[in-house]
Amino acid sequence: MGISLYSQERFSVNLYAGKSDVRLQPEDNVLINYYTPFNSFKAGLIYDLTSSDSGLFYGSGGILFNANGLRFNMPDGQVWPGTGKSYRTERYYYIDVPVYLNYKFEEWLIFKAGIKGWLNVGTQNLLSGMQAKTFTFGLSGGATLKINRFALIGEYSYDLTDALKLSSWSWKYSVFHIGIGYYFSL
C-alpha cells in the first residue's frame, strides 16, 4: 500500500465589482457622516495549489488590479466649487496581493480566509493635504460557489493599517466585492 500526493495547479481569472467604505479615526470625527460607500472594481489572476482533489484545505494567492472609490458628500445641499455637484468622488488604484487558506466544504463550495497587501499605484481627486499610504495591509475572507469551470465569489476585505491621512484624521478601507471567475489548468 502506498500514498501518492500530486499537485493540481490551476489559475482562475476573476472580475469583481462592489462597494468600498471607509472607517475614520478618531471615532467622534464628524467627517464620517459625509463619506458613503462607492463603486469598487478589481480584476486579476488567482493561483490555486492543492495536494489532491479530495483535500479539504489548500492555499491560493494572486495579483489583482483594484480601483477603490469613496464618495464625499457636501453637507446641507452645498455644492463643490467648479463642479456644481453635491458630492466628490475619490479614486485609489492598488495592486492587490492576497494569500488565502481555503477550505473545501463540498466540491462546489469553498470558504477562504487570509491576508492581503495593497500597493498604491495612483490616486485621483484627493482632498488638498491628504496623503495616500504607499502600502496597506489587511484581512480578507469570503466564499466561492463553483459551477463547472465558473465561480461566483463573495469577498470582504478589512484594512488593519491606515490607507489615508489628513492632519489628525486617518482612513481605513473596508471593501465588499462580488465577482465571477473562470478556472483553467496549466
Residue satisfying all of: in region 61-78; under 12 Å from the mean Cα position of the chain (by Cα) and surrounded by fewer than 16 Cβ atoms within 10 Å (Cβ to Cβ); nearest to Val175 (Cα to Cα) among these: Phe65
Could you tell me whether region 79-88 includes any residue that is surrounded by 13 or more Cβ atoms within 10 Å (Cβ to Cβ), part of a strand (DSSP E or B) and modelled with pLDDT under 95? yes
Failed item, numbered, when Ser167 is tested on (1) modelled with pLDDT under 85; (2) surrounded by 12 or more Cβ atoms within 10 Å (Cβ to Cβ): (2)
Specify the residue that is surrounded by the most Cβ atoms within 10 Å (Cβ to Cβ); the eligible residues are those in region 147-164 that are of a type in the set (S, T, N, Q) and more than 13 Å from Ser40 (Cβ to Cβ). Thr161
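The values are calculated or read from the model by the stated rules, or taken from the named source; none is laboratory data. Given the structure is predicted, the values throughout are model-derived calculations rather than measurements. When we count neighbours, we look across all protein chains shown, and the Cβ atoms used for this are built from the backbone with ideal geometry, even at glycine.
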